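What follows is one structure encoded as structure tokens, with my remarks underneath.
The values are calculated or read from the model by the stated rules, or taken from the named source; none is laboratory data. No experiment lies behind these values; they were computed from the predicted model shown. Here Cβ is always computed from backbone atoms with ideal geometry, including for glycine, and neighbour counts include all displayed protein chains.
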Amino acid sequence: MRRDKDWQVFENYIAEILKEIDPYCVATPGSGNGGCKSDIKTILPIQIECKQRKTKDITIRMDVFEKLKGEIPFHVQKLPVYCLEQKDKKRFAVLDLNDFLEFYIEYWKLKNGE
């Protein structure tokens, strides 16, 4: 059985890291009960869904990822990011491959002055 404190720690961890570039970033209270669409509230162009697993292996649930993508309005440019934590507290961020490649190429060009 999952304890509420565990998932709050995971979501708060992500929000605290993102505060470096968005000082108003917070874990969203009530996101699982339909109150908010995202687990992390941020002005950044990302939409984050967090899931914890009490297993050693991580499984990407396509229904969860598709729901995450579907919650982003068509007129809004946000990158869907599916964050996972497994029982050993290893953490992962899952992106659509094309989104990742586009993001990384843009980052590389900016970093290298192109």
Does residue 87 qualify as being assigned to a loop (DSSP other than H, G, I, E, B), over 24 Å from residue 21 (Cβ atoms) and touching a Ser or Thr at 6+ places or on another chain (Cβ under 7 Å)?
yes
Of the criteria (1) at pLDDT 95 or above; (2) among the aromatic types (Phe, Trp, Tyr); (3) not in a strand (DSSP E or B), which one residue 82 fails:
(3)
Counting just the residues of segment 33-79 that are part of a loop (DSSP other than H, G, I, E, B) and among the aliphatic types (A, V, I, L, M), which one comes out farthest from residue 14 (Cα to Cα)?
76
Taking the residues in segment 13-35 that are within 14 Å of the chain's Cα centre (by Cα), modelled with pLDDT of 70 or more and surrounded by 14 or more Cβ atoms within 10 Å (Cβ to Cβ) as candidates, determine which candidate is nearest to residue 72 (Cα to Cα).
28
Kindly check whether there is at least one residue in segment 54-61 that is within 16 Å of the chain's Cα centre (by Cα), at pLDDT 95 or above and of a type in the set (A, V, I, L, M).
no
Could you list, in sequence order, all residues of segment 61-85 that are surrounded by fewer than 17 Cβ atoms within 10 Å (Cβ to Cβ) and under 20 Å from residue 6 (Cβ atoms)?
61, 64
